[in-house]
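For reference, the structure discussed in these notes is given below.
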């Protein structure tokens, strides 16, 4: 189960970010951020890698499964891309550097 973001923690984070949130915004953000945390928890469970970043020790089999998962995700994203070249997304130019 994912860790839940509490209203107190949200207020603390907003204070650190120097954000002033209304009661309605706090309620909406709390709901949205908890959904995001739950999604990351689901991804972690699906990958089979628990606490990889904080464990320090990584087994070779874990790296291989993580690489396979990332490859599958990348392939899925590329398959849905409106414009691609090989294994890269093609995007319009945003601006010019002078």
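The values are calculated or read from the model by the stated rules, or taken from the named source; none is laboratory data. None of the values given here were measured: they were computed from a predicted structure. Because the Cβ atoms are built from the backbone with ideal geometry, glycine has one as well, and the counts that use them run over all protein chains shown.
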| query | Cβ-Cβ below 7 Å, separation at least six or inter-chain, first residue in region 1-29 and closer than 20 Å to residue 39 by Cα, second outside any helix (DSSP H, G or I): which pairs? | reply | 29/21
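Yes or no, residue by residue, for (1) in the same structural domain as residue 4 (by TED's automatic domain parsing); (2) surrounded by 13 or more Cβ atoms within 10 Å (Cβ to Cβ); (3) out of contact with any helix residue (DSSP H, G or I) (no Cβ under 9 Å at 6 or more places or on another chain); (4) at pLDDT 75 or above:
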site	(1), (2), (3), (4)
20	yes, no, no, yes
24	yes, no, yes, yes
29	yes, yes, no, yes
33	yes, yes, no, yes
36	yes, no, yes, yes
41	yes, yes, yes, yes
61	no, no, yes, no
